[in-house]
1. Between GLY135, GLY73, GLY151, find the one with the highest GNM mean-square fluctuation for the chain; connect C-alpha pairs within less than 10 Å.
2. Which of these, GLN48, GLN103, GLN19, has the largest mean-square fluctuation under a Gaussian network model of the chain (Cα springs below 10 Å)?
3. Within straight cross-link reach of LYS82, meaning Cα distance under 12 Å, which aspartates and glutamates are found once same-chain residues fewer than 8 apart are removed?
4. Scan segment 120-194 for GluC sites (Glu not before Pro) in coil per DSSP, keeping those whose Cβ has at most 15 other Cβ atoms within 10 Å, and list them by number.
5. Which chymotrypsin sites (Phe, Trp or Tyr not before Pro) from segment 1-54 combine a DSSP loop assignment with at most 12 other Cβ atoms within 10 Å?
6. Excluding GLU157 itself, what net charge comes from residues whose Cβ is under 15 Å from its Cβ, given Lys and Arg +1 and Asp and Glu -1?
7. About the Cα centre, and with charges only on the beta carbon of Lys, Arg (+1) and Asp, Glu (-1), how big is the dipole of segment 28-80? Nearest 20 debye, please.
8. Segment 106-205: which trypsin sites (Lys or Arg not before Pro) are DSSP loop and have at most 15 other beta-carbon atoms within 10 angstrom?
Amino acid sequence: MSQRKTYELGDELPIHGQQDAVIQYLWTRRSSLAVNLVSPGPNQEQLQDLLTIAARVPDHRRLTPFRFIVIEGEGRSTLGDKCLQIALSQNPELPEAIQRLEQQRFMRAPTVVAVAYSPKNDGKTPEWEQTLSCGACCYNLLLAANASGFGAQWITEWLTYSPELADSLGLLDHERIAGFIYIGTNSERLKERARPAISDLITRI
Ligand SMILES: Cc1cc2nc3c(=O)[nH]c(=O)nc-3n(C[C@H](O)[C@H](O)[C@H](O)COP(=O)(O)O)c2cc1C
């Protein structure tokens, strides 16, 4: 159970004034590289909190168009076996180094969360809006992991688009992977990355 204060439906929430630490964090935030994420990852209580925060995103009509599949411990290797099997079925001549890479994909970080996009058909809410909400959920998980002192990266790679892997993850027919969020402790200091010139992105009416 999280040690944090929980709020019941209708409770007044805290008033947030200027949060310099949050702004400073957002100003400098960066994704890690999954290969640089080492143990420890979040413990079970921390992970529960991260997922709770991740799910706290704008979501038109509260359809919750996402769910989480946690891949940890031995599960990473078991799923790696499946990746290797799929990769070999597509190319039996796969060089040994690549075979190793496929088998160890999920071992790059102590914790991997597959965020499944799970849209609902309520006859009213455009699927596009649900897609956006699911993307926000992935990003919120990155932010929550960072703000808890972990490094994280949102990765798709070929696995995301593999129907065979979708089966192994237990996805339903209408679901798909939005991304794998790798979470762990940064083994390397993060460096600045090129960013767009903001003036190029803004028009005014
Ligand atoms: C939907 C999505 C899929 C991504 N897939 C990959 C990927 O497969 N491999 C990769 O190296 N980076 C991938 N990235 C990029 C990284 O998550 C990240 O954006 C990049 O490392 C720089 O991030 P930063 O600007 O947050 O530091 C993906 C990003 C998004 C939004």
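We did not get these values from a lab; they are worked out from the coordinates using the rules stated. Nothing here was measured: the structure is a model prediction, and the numbers come from that model. Note that we place each Cβ from the backbone using ideal geometry, even for glycine, and neighbour counts take in every protein chain shown.
1. GLY73
2. GLN19
3. Partners within reach: GLU102, GLU164, ASP167.
4. GLU157, GLU188, GLU192
5. On the way: sites: TYR7, TYR25, TRP27; in loops: TYR7.
Those that pass, being in a loop and sparsely packed, are TYR7.
6. Numbers: positive: ARG76, LYS82, ARG105, ARG108, ARG176; negative: GLU102, GLU164.
For residues surrounding GLU157, the net value is +3.
7. Values: 7 positive and 5 negative charges, 72 e Å.
Value, rounded to 20: 340 debye.
8. Numbers: sites: ARG108, LYS120, LYS124, ARG176, ARG189, LYS191, ARG193, ARG204; in loops: LYS120, LYS124, ARG189, LYS191, ARG193, ARG204.
Taking segment 106-205 and a limit of 15 other Cβ atoms within 10 Å, the loop trypsin sites (Lys or Arg not before Pro) found are LYS120, LYS124, ARG189, LYS191, ARG193, ARG204.
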